[in-house]
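What follows is a single structure, written as structure tokens, with notes after it.
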Amino acid sequence: MYVQRLRQLCETILSQPDSVSYYNWMYDDGVVLKGLEYAEDITADPRIFPYTKAYVDHFVTEDGRIPAVEKRPPSADCINNGKVIFHVFRRTGEQRYESALRYLYDYILKHPRLHDVSGFAHKAVYPDQMWLDGLYMMEPLYAEFVREWGPADRFKDIADQFAYIEQFTYDEDKQLFYHAYDHSRRMFWCDPATGHSPCFWGRAMGWLGMAAVDALDYIPDSFPKQRATLIRVLNKLCDGLLRYQNQNGVWYQVVDQGGRTGNYEEASCSCMYAYTLKKGVQKGYLAPSFDKAAQRAMDGIWSRFVTEDASGLLHIHQVCQVAGLGPEKKPERDGSYEYYIGEPVVDDDNKAVGALLCALSVFARQSGK
């Protein structure tokens, strides 16, 4: 069942020329491309690798530069798409792909950090802010690079990012992580006492969960302390999420306020949680008891969000298009409940499509059918 659904979703993506954008190096396209990489291992679809390579070749020059990254101010979002360059490099062995990966690694090392701790700022235009999103964008690629080329002491830096997010955004009472944190306490959206944003946004915690299970792929067992940090954060996150999982298996846009007027069941975070839970169980980071919640999530995703059209292509509905915090010129992005439920809700957004690919891949890998 899951392999067939995975094939259908791959067909949906590969049959439509605008499934990824060649206009800009957008992080959500990277989620889809990473999902296709996982799907290729299971489906053996011969179209996937050329599709991925064509995308990478559009943005990576012959000498390994990525002009679309160079022209933008430093941002965690610029790193995510680089994950699939590893896939292309390993298949081809071409030097320009290694050069591009080394460029992105250097980009990470030079990335802005908080003023008195080594946590990565989300963007240069958001100084002193850590967002959950940023850990998914940066840490898995950072960890994969270090595993490939070293130096191994960088694994501590990677684990520290998760420890900072835990310290700055975790709420013990709700057992959830706030979307973001301002170390300066100056942003209009933050609590002046704690620095964190007001709400528990679904997709932000989805990014965090995916970051943990993906980065752990590359941190060796010989670094038990660093692995333990990521596994601790992952378990805190998943323990909390299970408190708020709906009876139908999915989660709300503002996770802890399911009964509040205007809130809605949101597809991208539900797909991200299904992936995180299932992979966490498969890899032994989560107890086997979490598998039941993962299965409920996938069943709920299929019944609540996914439809099939007359051509057999799949569509995913009820996706928050985008949500962020600030800057000052956008005071409406204040992190309030009203803000999160007021952002556009769309169909077939790549953040959900990619997360669904990832989730289907881990379910298909276990079921084999």
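The values are calculated or read from the model by the stated rules, or taken from the named source; none is laboratory data. None of these values were measured; they are calculated from a predicted model. Positions of Cβ are generated from backbone atoms using ideal geometry, with glycine treated the same way; all protein chains shown enter the neighbour counts.
If you check Asn235 against the conditions, is it touching a strand residue (DSSP E or B) at 6+ places or on another chain (Cβ under 8 Å) and not hydrophobic (A, V, I, L, M, F, W, C)? No, not satisfied. For the range 181-188, state whether one or more residues are more than 16 Å from Ala76 (Cα to Cα), touching a Lys or Arg at 6+ places or on another chain (Cβ under 9 Å) and at pLDDT 95 or above. No, the conditions are met nowhere in the range 181-188.
Check whether at least one residue in the range 224-234 is part of a loop (DSSP other than H, G, I, E, B), touching a residue at least 12 places away in the same chain (Cβ under 8 Å) and either surrounded by fewer than 17 Cβ atoms within 10 Å (Cβ to Cβ) or of a type outside the set (A, V, I, L, M, F, W, C) (or both), and report yes or no. Talk me through it step by step, then tell me what you get.
First pass over the range 224-234, keeping only residues part of a loop (DSSP other than H, G, I, E, B): none.
The answer is no, given that none of the residues of the range 224-234 is part of a loop (DSSP other than H, G, I, E, B), touching a residue at least 12 places away in the same chain (Cβ under 8 Å) and either surrounded by fewer than 17 Cβ atoms within 10 Å (Cβ to Cβ) or of a type outside the set (A, V, I, L, M, F, W, C) (or both).
Residues in the range 9-19 include at least one that is touching a His at 6+ places or on another chain (Cβ under 8 Å) and either crowded, with 21+ Cβ neighbours inside 10 Å or touching a residue at least 40 places away in the same chain (Cβ under 8 Å) (or both).
Does at least one position in the range 281-290 carry a residue that is crowded, with 23+ Cβ neighbours inside 10 Å and in contact (Cβ under 8 Å) with a residue 24 or more places away in the chain? Yes, there is a match, as at least one residue in the range 281-290 is crowded, with 23+ Cβ neighbours inside 10 Å and in contact (Cβ under 8 Å) with a residue 24 or more places away in the chain.
Of everything in the range 39-83, what is touching a residue at least 24 places away in the same chain (Cβ under 8 Å), small (Gly, Ala, Ser) and assigned to a helix (DSSP H, G or I)? Give them in sequence order. Ala39, Ala68, Ala76, Gly82 - these are the residues of the range 39-83 that are touching a residue at least 24 places away in the same chain (Cβ under 8 Å), small (Gly, Ala, Ser) and assigned to a helix (DSSP H, G or I).
Go through the residues of the range 303-318 one by one and say whether even a single one is assigned to a loop (DSSP other than H, G, I, E, B), buried (at least 20 other Cβ atoms within 10 Å of the Cβ) and not charged (D, E, K, R).
yes
If you check Asp173, Asp182, Asp214 for being more than 19 Å from the chain's Cα centre (by Cα), of a type in the set (Asp, Glu) and buried (at least 17 other Cβ atoms within 10 Å of the Cβ), only one passes: Asp182. Quick one: count up the residues across the range 90-129 that are out of contact with any His (no Cβ under 8 Å at 6 or more places or on another chain) and outside any loop (DSSP other than H, G, I, E, B). Of the residues in that region, 21 qualify.
Total residues in the range 135-151 satisfying the condition of being more than 18 Å from the chain's Cα centre (by Cα), under 17 Å from Pro224 (Cα atoms) and surrounded by 14 or more Cβ atoms within 10 Å (Cβ to Cβ): the figure is 2.
If you go through the range 305-339 and pick out every residue that is touching a residue at least 24 places away in the same chain (Cβ under 8 Å) and over 30 Å from Trp189 (Cβ atoms), you end up with 6.
Of the listed requirements (1) touching a residue at least 12 places away in the same chain (Cβ under 8 Å); (2) exposed (fewer than 14 other Cβ atoms within 10 Å of the Cβ), Gln253 misses just one: (2). The requirement of being of a type in the set (Gly, Ala, Ser) and within 24 Å of Gly202 (Cα to Cα) is satisfied by Gly119.
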